[in-house]
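Written out below as C-alpha cells is the structure these notes cover.
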Amino acid sequence: MSTLGSFIWSIADQLRGPYRPNQYGNVILPLTILRRLDCILEPDLETVRELAAMYASPGRRKLEVNKATGRPFYNTSNYSFANLLEDADGLADNLADYIDQWSPDVDVFEYFDFKKEILALQKAGLLRQVITSFKAVDLHPDVVSNADMGDAFEYIIRKFNEAANETSGDHYTPRDAIRLLVDLLFAEKDADLTEAGIVRTLYDPTAGTGGMLALAEEHLLAQNPDAKLSLYGQEYNPQSYAICKSDLLAKGHDASNIAFGNTLTDDAFKGRQFDFCMSNPPYGVDWKQYGKAITEERASAGPYGRFAPGLPSTSDGQMLFLLHLVHKMREPEDGGGRVGIVMNGSPLFNGAAESGPSNIRKYLLEEDLVEAIVALPTNMFFNTGIATYIWILDNIKHPDRQGLVQLIDGTSFWTKMRKNLGAKNRELSEEDRDNVVRLYADFTDADPDYSKVLRNDEFGYWTIVVERPLHDETGKPVVDRKGKPKADPKKRDAENVPFTYGGSSAGTAGKIDVIQAYFDTEVKPHVPDAWIDWAKVKTGYEIPFTRHFYKYLPPRPLAEIDADLEKQVAKILDLLREVEQ
C-alpha cells in the first residue's frame, strides 16, 4: 500500500458529506497534480515570473524558461501554494488564476473541469481546509520519487473506483505484470540497448496513467543511464490522460507526445512508427459504438490499413489494438519494431476458420510476427481473476526464432500477496519474473514442462465440409441435372484437419494431399458414400495454448473413492440417528 496514497486518501475524508465517494477523485486528483507541479516549480518561481514579464511571446517565453530552469513548462500567476492562503476572501479567485496561468502544454486541469470544483468547495466551506492540507504535503521529486508518485496515483485511483463501485482495470495495470512485460519486450534487444547515447521510441496507445511508459523508461535507464527513450501515448479517459501527462511533464519529457482521444477512431500519431510498442487494452469491451468509423476506415485504407487483416467480433475489441500495434511497428528496413501486449484468452482461439479473429491470427503467423506468448498466473489483476497472456511480436525476429512461436506456461510462477487488492491476490516477485525470462532466453533448451516451441504452420487447420447423398422415398440417391448426387443437408458435417496431419510439414502447400489423406483415413472408412465439398474448404488458425501444456492426471483408485463414500455415508447415518433420538 502506498503511504503517500493513504495520506492523500485521508484528505478525501474531509470531503465526506458534501461530496459522495465517487466524486472525491474530481477534487483530489487535480489538486495532487497541482501540488506536485507547484513543488517542482517552487525553487525557480521568481526567475520564471521575471522571464514571463520580459517575454510576452509564449514560444520565446518557453525557450527562455527552458534555458533558465531546464523545464519546458511554467506558470506566470502571482499565486502558488506558498501564498494562496494569505488572502482568505480571494482564495477561490486566486486559485482559479493559478490554474489559468500554466503554460499551454499544461492543459491537464481542463480535463477535470476543476474550476467548477473550486466553486463547489467554496460553497461547501471546504476550500481553505483542503488547500491547507495539500500545502502541508511536500511532493517535490527529491522527496517523493516518480515511482512513489506513480504508486500513489494508482492507489488513490483504485480507492476512488472501489468507493464508486467501478472497475479499475481500464485505468491501471499492476506494476508486477508491467515489469514482466517490459523485461520480455526488451529481452531480445538488451545487448543493443547498452550502446552509448542510444535513442529509442516507445508507444502505448492505451496509456492510462502512464505506468507502462514509466517502468519501461526505468528499465532502460537502469541498463544504460545515457540512453534516451522518447515516450508516446494516447489515452481516452480524461483523468488518466491528465495524470499521465503531468507525470511526464514532471520528468522533463515532451508532454506533446501524450495525446487525448480514442486510439481506435482517432489515431493521434497517424503515420508514425515506433521501436517499441506496448499495451494492456480493455478485455471484452464492445466496440459497436465505433463500428461505423472502423469499418469505414478499413474500407477506405484498403490492404495497407491498420485493420486490413480482419475485424474481431463487436463484443471484444482487444484484437483491434493488437492490429493497431502491428501497424505501429517500425519497418524492418528501418531497424524493425517490437510489441508487447496483454490480452485475455479469447484472441488465441475465438472465431471459426476465415472469421475475423482467425484471419488476424493467420496474418500474424503467416507474416512470422508472433515471437512468444506467455500465460500469466490467474488473479493477477484488480478487477478480474481470468487467465491473461502476454504476446510478444517482432518483425525482425532473431534468425533462430524465425518461423517459430514459443509458448511459455508462466501460470505457476507467482507469490501469494499478504493482503488481497480487489481480485488480485497473487503477484510476480523478482524471482518469478526471472524464471519466466529465463525460459524465454533458453528458448529450445527451456524446460519442456513450461515451454514449447512450435512452427507457425502447427497452428493452422482446414475446415472441410463432408457431404453425404440425399435419398428419395425409395432409397435411391437423388442426382442433379448433370447426374451428380445431391447432398443431404441433414447429414452434412464439418471436420477440422490440422496442417500437420499425418506428420506433414508442408503447411498450406500440403492442402490437397493432407485433406485427402485425412478423409481417406478418418472419414471414408466410417461413411463410404461421403465426399468433400472442396469449394467450401476454409483455412483457419488457432493457438490452443492450454492443450499444449495439458497433463493427464489419472483418477483416484476406486478403492480410495469407495472408502471416502463409506465415510460420508457413515456421517450421514450418524446425523440421521441424532435427529431420530
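A few comments on the model shown:
- When residue 458 is tested against (1) closer than 26 Å to residue 184 by Cα; (2) part of a strand (DSSP E or B); (3) out of contact with any helix residue (DSSP H, G or I) (no Cβ under 8 Å at 6 or more places or on another chain), exactly one condition is not met: (2).
- Residues that are of a type in the set (D, E, K, R), touching a residue at least 24 places away in the same chain (Cβ under 8 Å) and not in a strand (DSSP E or B) within the stretch 473-499 comprise 491, 492, listed in sequence order.
- Some residue of the stretch 421-433 being surrounded by 13 or more Cβ atoms within 10 Å (Cβ to Cβ), under 18 Å from residue 550 (Cα atoms) and touching a residue at least 60 places away in the same chain (Cβ under 8 Å): no
- In the set (1) within 26 Å of residue 240 (Cβ to Cβ); (2) open to solvent by less than 10 Å² (accessible area, probe 1.4 Å), the condition left unmet by residue 84 is number (1).
- Test: residue in the stretch 286-294 that is outside any strand (DSSP E or B) and without any contact (Cβ under 8 Å) to a residue 12 or more places away in the chain: yes
Here's the yes/no breakdown for (1) more than 23 Å from residue 157 (Cα to Cα); (2) at pLDDT below 90; (3) open to solvent by 20 Å² or more (accessible area, probe 1.4 Å); (4) not β-branched (Val, Ile, Thr):
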site: 91; (1), (2), (3), (4): yes, no, no, yes
site: 109; (1), (2), (3), (4): no, yes, no, yes
site: 123; (1), (2), (3), (4): yes, no, yes, yes
site: 126; (1), (2), (3), (4): no, no, no, yes
site: 141; (1), (2), (3), (4): no, yes, yes, yes
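- Of all residues in the stretch 500-524, those that are in a helix (DSSP H, G or I) and open to solvent by less than 50 Å² (accessible area, probe 1.4 Å) total 8.
- Only residues that are open to solvent by 70 Å² or more (accessible area, probe 1.4 Å) and without any contact (Cβ under 8 Å) to a residue 40 or more places away in the chain were counted across the stretch 1-24, and they come to 3.
- Considered as a group, the residues in the stretch 525-559 that are part of a loop (DSSP other than H, G, I, E, B), among the β-branched types (Val, Ile, Thr) and under 24 Å from residue 351 (Cα atoms) include one that is most open to solvent (accessible area, probe 1.4 Å), and that residue is 537.
Rundown of residues vs (1) farther than 24 Å from residue 347 by Cβ; (2) out of contact with any strand residue (DSSP E or B) (no Cβ under 6 Å at 6 or more places or on another chain); (3) in a helix (DSSP H, G or I), yes/no style:
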residue	(1), (2), (3)
240	no, yes, yes
245	yes, no, yes
263	no, no, no
267	no, yes, no
271	yes, yes, no
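- So residue 153, is it under 23 Å from residue 214 (Cα atoms) and aromatic (Phe, Trp, Tyr): yes
- Residues of the stretch 353-382 that are surrounded by fewer than 18 Cβ atoms within 10 Å (Cβ to Cβ) and under 18 Å from the mean Cα position of the chain (by Cα): 378 alone.
- Just one of the listed residues (415, 388) is within 23 Å of the chain's Cα centre (by Cα), over 23 Å from residue 496 (Cβ atoms), open to solvent by 40 Å² or more (accessible area, probe 1.4 Å) and not aliphatic (A, V, I, L, M), and it is 415.
- Tabulated pairs, the stretch 105-116, first under 15 Å from residue 38 (Cα atoms), second surrounded by 14 or more Cβ atoms within 10 Å (Cβ to Cβ) and of a type in the set (Ser, Thr, Tyr), C-beta under 7 angstrom, 6+ apart or interchain: 108/246
- If the condition is being at negative phi, open to solvent by 10 Å² or more (accessible area, probe 1.4 Å) and outside any strand (DSSP E or B), then the stretch 327-352 contributes 327, 330, 331, 332, 333, 334, 345, 346, 349, 350, 352.
- Every residue from the stretch 560-581 that is open to solvent by less than 100 Å² (accessible area, probe 1.4 Å) and acidic (Asp, Glu): 560, 562, 564, 574
- In the condition set (1) closer than 29 Å to residue 72 by Cβ; (2) modelled with pLDDT of 80 or more; (3) assigned to a loop (DSSP other than H, G, I, E, B), residue 172 is compliant with all but (2).
To keep it simple, each residue is scored yes or no on (1) modelled with pLDDT of 95 or more; (2) touching a strand residue (DSSP E or B) at 6+ places or on another chain (Cβ under 8 Å).
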| site | (1), (2) |
| --- | --- |
| 405 | yes, yes |
| 409 | yes, yes |
| 418 | no, no |
| 422 | no, no |
| 429 | no, yes |
| 439 | yes, yes |
| 454 | yes, yes |
| 461 | yes, yes |
| 464 | yes, yes |
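- Of all residues in the stretch 131-147, those that are within 35 Å of the chain's Cα centre (by Cα), in a helix (DSSP H, G or I) and closer than 15 Å to residue 33 by Cβ total 2.
- Residue within the stretch 398-411 that is in a loop (DSSP other than H, G, I, E, B), under 22 Å from residue 284 (Cα atoms) and not hydroxyl-bearing (Ser, Thr, Tyr) present: no
- Of the residues making up the stretch 70-81, not a single one is over 25 Å from residue 243 (Cα atoms), among the small types (Gly, Ala, Ser) and open to solvent by 10 Å² or more (accessible area, probe 1.4 Å).
- Tally of residues being buried (at least 19 other Cβ atoms within 10 Å of the Cβ) and of a type in the set (Lys, Arg) across the stretch 295-320: 1
- Selection from the stretch 286-322 of residues that are in contact with a helix residue (DSSP H, G or I) (Cβ under 8 Å, 6 or more places away or on another chain) and acidic (Asp, Glu): 316
The values are calculated or read from the model by the stated rules, or taken from the named source; none is laboratory data. This structure is a prediction, so every number in the text was calculated from the model and none was measured. No Cβ is skipped: glycine too gets one built from the backbone with ideal geometry, and neighbour counts run over all protein chains shown. Keep in mind that these areas ignore ligands, DNA and RNA; they rest on the heavy atoms of the full protein, side chains included. Shrake-Rupley method; radii C 1.70, N 1.55, O 1.52, S 1.80 Å.
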